[in-house]
Amino acid sequence: MSQTRWRIVFAEPFAEQAVSQMREIGDIRELTRCDESYLMEAVADCDALLVRTASRVTRRVLEAAPRLRVIGRGGVGLDNVDLDAARERGVTVVYTPGTATDAVADLTFGLMLSLVWDLRGCDAGVRDERFAAVRAAVRPRELSALTLGIVGLGRIGQAVARRAAHGFGMRVLYNDLVDPGPLDFPATPVDKDRVFAESDIVSLHVPLTEATRGLVREAALARFKPGAFLINTSRGAVVDGHALDRALRSGRLGGAGLDVFDPEPLPADHPLLSAPNTVFTPHVGARTALAQARINGVVEDVIRVLRGLAALYPA
């Protein structure tokens, strides 16, 4: 193209450094909202669109952007971008697949340890002057004696498995549609039924696709080992929240640690919010300083595409 400056839309907040990088090569528009109709109007004459988690880049949005050359998704998941529609229109989609690997893996273990040690209950006991009674209770589990089942052995799943096997001495089972190749930690590939039936803790690390939406429903939960814990730091819609609530209240599951929900945030009257033996965090898995810096680095790949270079991290 003959133009010297690109038109670039930031649909969601990025770090000032990232915005400044783009300002050097183009005219910037930063949006204050990212619903579909507003996004369609904003992209009508843009060359590059940068989004994070909240924006839904639908087929309608793409059809409203005849000049669009590249979409930069700051983050790991791509379920909020219609990749088929983008490919049909020749729009390159880039993202930051390795940005939050360690952060999410660390949080996963934070949720596990909180459940195994009942840290919420311990904290409440100290504050409520029940120190002696809470201390006297025996915690029945240690991670080294437990089996961890991982569904989805991609970057984050492997980081969790590595910590589990080498750091905590856990037995690791995993299930993935793709052979991960040689691993630098001991882990056994099994089918999902074995993951559910044999694991003391099941941890989900799959992308949200049509195949994984509602992966953990009533039938799957019925196959879980009685008293097992469920950890979900992937996407909320992978788990049926109402089915999970029933499994927790019936005692079928021993507890759940969730960083993601469907919808987000959960409405105040959602039963899961009062379910027993739960630990919730507000989708903070990528909210460390290092992870955020890597997420903002997606602008570098956007610039490459605009300049006609091959993307480093294409979807």
Pairs needed: first member in segment 212-229, in contact (Cβ under 8 Å) with a residue 12 or more places away in the chain and closer than 20 Å to Leu153 by Cβ; second member anywhere, open to solvent by 40 Å² or more (accessible area, probe 1.4 Å) and among the charged types (D, E, K, R); C-beta distance under 6 Å; at least 6 residues apart or different chains. Arg223/Asp193
Can you pull out the strands (runs of 3 or more DSSP E) entirely within segment 227-303 that have at least 2 residues that are open to solvent by 10 Å² or more (accessible area, probe 1.4 Å) and either in contact with a strand residue (DSSP E or B) (Cβ under 7 Å, 6 or more places away or on another chain) or within 30 Å of Ile8 (Cα to Cα) (or both)? 278-280
Looking at this structure, is Arg60 farther than 19 Å from Thr209 by Cβ, assigned to a strand (DSSP E or B), open to solvent by 10 Å² or more (accessible area, probe 1.4 Å) and touching a residue at least 24 places away in the same chain (Cβ under 8 Å)? no
For segment 122-140, check the following and say yes or no: at least one residue is at pLDDT 95 or above, under 24 Å from the mean Cα position of the chain (by Cα) and among the aliphatic types (A, V, I, L, M). no
Can you tell me how many residues in segment 1-57 are among the aromatic types (Phe, Trp, Tyr), under 26 Å from Ala100 (Cα atoms) and touching a residue at least 60 places away in the same chain (Cβ under 8 Å)? 1
Residue, nearest to Arg5 (Cα to Cα), within segment 26-57, restricted to residues that are among the β-branched types (Val, Ile, Thr) and open to solvent by less than 20 Å² (accessible area, probe 1.4 Å): Val43
Among residues of segment 176-224 being hydroxyl-bearing (Ser, Thr, Tyr) and not in a loop (DSSP other than H, G, I, E, B), the residue nearest to Val238 (Cα to Cα) is Ser203
Pair list, Cβ under 6 Å, 6 or more apart: segment 129-149 residue in a helix (DSSP H, G or I) and of a type outside the set (Ser, Thr, Tyr), other residue at pLDDT 95 or above and surrounded by 10 or more Cβ atoms within 10 Å (Cβ to Cβ): Val134/Cys122; Val134/Gly125; Leu143/Phe168; Leu143/Met170
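The values are calculated or read from the model by the stated rules, or taken from the named source; none is laboratory data. Computed from a predicted model, the values in this text were never measured in an experiment. Neighbour counts are summed over all protein chains in view; Cβ atoms, including those assigned to glycine, are modelled from backbone coordinates with ideal geometry. Side chains included, ligands, DNA and RNA excluded: accessible areas come from the protein's heavy atoms. Shrake-Rupley method; radii C 1.70, N 1.55, O 1.52, S 1.80 Å.
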